[in-house]
Each structure stands twice: as C-alpha cells, then as structure tokens.
Amino acid sequence: MDVRCKKMAFVLGLLILLLVACGGNDGEPVPGDENNGAEGGKTLSFVNGDTIPSMDPSMATDEYGFQFLGATMEGLYRLDENAEPVEGIAMDHEVSDDGLTWTFQLREDAKWSNGDPVTAHDFVFAWQRAVDPNTGSEYGPYMMGGVLKNATAVSKGDVPVEELGVRAENDYTLVVELENPTPYFESLTTFGTFLPLNKDFVEEQGDQFATSTESLLFNGPFTLENWTSTANEWDLVKNKNYWDVETVQLDKIHHTVVKDPTTQVRLYEEGTVDRAGISSDLVDQYQTHEDYQVTPETSVFFLKLNQEGNKALANKNIRAAISRAIDKEALVNEILNNGSIVANGLIPSDFVNVPESNKDFREVNGDLVTYDLEAAKEYWEKGLQELGTDTIELELLGGDTETSKVMNEYLANQLSTNLPGLQVNLKNVPFEQRLDLDTAMDYEIQVSGWGPDYLDPNTFLDLWVTGSGNNKMGYSNKEYDALIEEAATDLANDNVARYKNFLEAEKILFEDAAIAPIYQSAMAQLVSPRIEGVFVNPFGATYEYKWANVTSE
C-alpha cells in the first residue's frame, strides 16, 4: 500500500512517513485522555501520525485508512500472529482444480454493528462497488484487476458490474471466479479493499457514508467511536456484536494525532500514551531504555521521478544520475537512525524467498543501484549534454513532519551538491495533500514508499506496469509489462517461472532508472511492557489488535 502503500502505507514514529508522511499537534498536550479512559476497563492509548483520510474500504489507499479498517472490519480471513490467514467471516473454502473458482463457506453468526447479518451479498456488493467506474476507487481496479474475472473490463466501463467474477450462491456461500490462477489470493482476502459492505446502509448514507462514526457500520473486533474525517482524536471500542467477541480482551484504544516525535516521547514518559515513535535525534538517548524496541519492516521508500511533462526527468541519464547521487548509508545511520537499512532494489530484504534456491529475493537479485558519485556525475553530464543545458531546477515533494523535513532537506542537499547545476526546491505538505498531488501527478520528484499488500513480489512490481493506478509517473516499458503480465497469466501455476520473470523485471526497472530506492524502513519505538499480543503484520494493516491485552498492574 502506499504505505501508501504497505502499504501504503501505509504508521507510528518513522513508519508514519510511509507513503511519506507523519502527523502531529505541534507539541501541545493531548487533551481528554488519562491513559485508561474506560472506567475499570482494559484500555490503551496510542498516537497516530495524522488524521485518517478515508474509512471507506473502496476509497482507502493509505496506511492509516487500512489500519483502522483492519481493526473495525473483517473480511473473509484475517492475519494471525504468523501472518497466516485464519478464520474471519469465512470458515473454509474450496478451490477448483484449475485454480479459477474459489467457493467460500461463511459463518452464520457474524453481524454488523446494527445487528444485521453479514452475508455473501455484502461481499458481492462491496467488490462490485470497488471496481465500478462510478465509484472512482483507485485500489479497487488496482487490487482486483487481473485477479477477479472481468474486474479490469468492469473498471473501464466495458461490461456491467454484475459480470464481475463474484456471486452469492446463497446467503452464506460466496463463489469467486478469477481471471487467472492467483497463488496469493487467500492472503488478498485479508486486505482492506476486499472487506464487505452493507448495501442498504451504504446507500442510505449516500455521500455521507464513511465520513463519521455515525455513517459507518462495523463487523470486526472494534468499532470506531468519536471519529469524523477531520478528527484529531478517536477511539477503538470493543465491538459487542463481533462473532468472536470473547477473544477480544481490550475494551478501548484511544488515539490522538501527534506529529512531533519529541511530544510523543514526552507523553510516553508522562504515562499518557503506551507507545511512542523515536526519531533519529532521540535514538541515542533512548536506545538503552528498557522499553526501547526496533521492529524491521518490509516497506521500501524511494524517489518517484515523474517523466510526464518534465523534459529533464524524461531523460534516462538524468534519472540514473539522481538514483546514484544520494549517500543512503549516511541517511539511514545519521538521519533516520532507527534500524532502517539501505535499499538498493525494490523488493525488500526478508520478504519472500525465490523457489528452488530458497534464497531471499533481495540476495538473489543483489544490489541494482548503489550510491556511486563518480557514476552519478558521468550520467549527469551525459544527460545535460542531451538536453542542451548546464542547469536544471526540480521540485522535491515530501511530508511535513519534523523527521520528514530533515530527511527531505538531506535529500535535496545531496542532489544539489553532488550534481553540479542542479537546484532542488522543497515542497513539504501534509499527508493527505501529498496523496492528492500524487494522484494528480502534480509533482516532479516525490519521496514515496510502498508497503506490501500481500506476500508476493507482484505487490511491488505491479506498481510500475504502464497505466497502473499507482504508477503516476509516466513510466512505461513494454518488456517489463510483458514479464508481469506473463507471470499473472501463462505462468500463474508455475512459481519457479513466475519468480524468474520477477527477477528480470526488477532489473529492467533499474536499468531504466524508473525510481531511485532509498531505504527499507524499521520502527524505533518506546512500547509499554503492559502491552501483550499486538502483532505487527508484514503486509496489510501494520498492527493487529484482535488478540491484544494488557498485563495486570
């Protein structure tokens, strides 16, 4: 997600940069919370990096939205402690011999927060809505295109939504037809875009749907209370109508928007919050603290280089120079200083293994673009000659949090210093505005990031297919497109061959200097020892709270 994504987008501390942003309250004390707001209940209090852009499963594209959708909603399956799909609304499923038809048996005791039963019809409505061109979803066509039968044709308006490959055989039997065999489809069903929706409720709410607590229904472990689209505080509250409510131990999780890392830490030390992100300037001070934790992640950050409408960035040599002109080691060690590591490719380390060799994908494909000042200057001079100029001015779009600003300044300085004649101007904006500018392709260079939506290299590589809803930078390579398309179709049942295509496609991406990888993220945090059972997912929503608890005090 545009950690967006994964990702998304994409959390706390530096992860909140994901999809490149964080949030905050300018150092003001957090009002209305005293660590455990529910009298006698089990509660936790966390900070969030910014407001939630959308709680509409069809419209969410970022880490914040998917995080709270994951806590308050439930799809066919959800991820357990080992990131394996376990029972959600579906109790079991069968797959046809050709891998194209999946039949899910749904539980009959799942209810919406208004008491309505959750049925197969809710999935049909939600999935059709996500690819209906009238909805304007970005993630629906992206996540379902090439996966669900006719999803791409529906999203283009070529066929009616009723021809999407999903139907309710009865209230509790959901039949899904795929465009091609999809090895990772079960993990896809845990993702926010595939959540169900109550048709009657959504249509009753109209344009107001998903703009506040009152215009939402929930079928997951928690409900979202005291929330509006501009709220700086909100609560996750135990959902008494959840089918597995006895498993849920927490009564409430209070969230407050806090952008400033120093404020996060102060609130943690005061006992006001139970978790705080640690910025680079505070790591040395707190890395010996007994509550200090570093959690490696599978999100990768990079510079998007918008080739459309920008003559300089349309030049391959200019892009190649930019991708080699940043000292990434200094960035992760001195600017981030939170356990993040240098990224010299797109697929993250310790994410997936290549079949047969069983070696890490990153290890097999190696470093595809590294910091190389000499090579950067050579590419730069070639690019300048081809453009017939000796100066270039570019704008760098990034987040507006304190950590983001420091990193953006470092990146701009590296490029301006190491590439003679280049002037980089900064444009630091709030999280939601950055998403809007990306969607409109209204930027030149952008600090961006992606967290995986499912456990497969395709979740990263599919981003850069020509015309992809997440491409948004004018990149196009027919050979690259063909490799990704073949992996999804002719090679869908041959995992060894699929991965060979993925390895080759990643190499092409960096031969073209399409993006400039920067780092693979990690979270440095102070985490209260009273927290138990909070899982950190390698894809999808960052945190899973269904099994969370607090120790007795």
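Summary table below
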| quantity | calculated |
| --- | --- |
| Residue among 387, 422, 426, 394 that is surrounded by fewer than 18 Cβ atoms within 10 Å (Cβ to Cβ), over 22 Å from residue 332 (Cβ atoms), of a type in the set (A, V, I, L, M) and modelled with pLDDT of 95 or more | 387 |
| Residues of the stretch 537-553 satisfying the condition of being in a strand (DSSP E or B) and surrounded by 17 or more Cβ atoms within 10 Å (Cβ to Cβ) | 543, 544, 550 |
| Residue that is crowded, with 24+ Cβ neighbours inside 10 Å and assigned to a helix (DSSP H, G or I), where the choices are 510, 460 | 460 |
| Options 313, 250, 267, 303: the member that is within 18 Å of residue 396 (Cα to Cα), buried (at least 20 other Cβ atoms within 10 Å of the Cβ), over 24 Å from the mean Cα position of the chain (by Cα) and hydrophobic (A, V, I, L, M, F, W, C) | 313 |
| Inter-residue pairs, beta-carbon under 7 Å, first in a helix (DSSP H, G or I) and in the stretch 472-493, second of a type in the set (Gly, Ala, Ser) and surrounded by 16 or more Cβ atoms within 10 Å (Cβ to Cβ), 6+ apart | 480/505; 483/505; 484/505; 488/146 |
| Residue 107 being crowded, with 20+ Cβ neighbours inside 10 Å and basic (Lys, Arg) | no |
| Residue selected from the stretch 43-70 under the condition hydrophobic (A, V, I, L, M, F, W, C) and out of contact with any Pro (no Cβ under 8 Å at 6 or more places or on another chain), by the criterion farthest from residue 269 (Cα to Cα) | 59 |
| Within the stretch 397-419, considering residues that are touching a helix residue (DSSP H, G or I) at 6+ places or on another chain (Cβ under 9 Å) and polar (S, T, N, Q), the one surrounded by the most Cβ atoms within 10 Å (Cβ to Cβ) | 401 |
| Residue within the stretch 333-346 that is under 26 Å from residue 281 (Cβ atoms), part of a helix (DSSP H, G or I), at pLDDT below 95 and hydrophobic (A, V, I, L, M, F, W, C) present | yes |
| Residue in the stretch 294-302 that is at pLDDT below 95, in a strand (DSSP E or B) and in contact with a Pro (Cβ under 6 Å, 6 or more places away or on another chain) present | yes |
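Condition check ((1) over 14 Å from residue 189 (Cα atoms); (2) outside any loop (DSSP other than H, G, I, E, B); (3) modelled with pLDDT under 95) across all residues:
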{"site": "83", "(1), (2), (3)": "no, no, yes"}
{"site": "97", "(1), (2), (3)": "yes, no, yes"}
{"site": "102", "(1), (2), (3)": "no, yes, no"}
{"site": "114", "(1), (2), (3)": "yes, no, no"}
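The values are calculated or read from the model by the stated rules, or taken from the named source; none is laboratory data. Being a predicted model, the structure only gives us computed values, none of them experimental. All Cβ positions, even for glycine, are placed from backbone atoms using ideal geometry, and neighbour counts span all protein chains on display.
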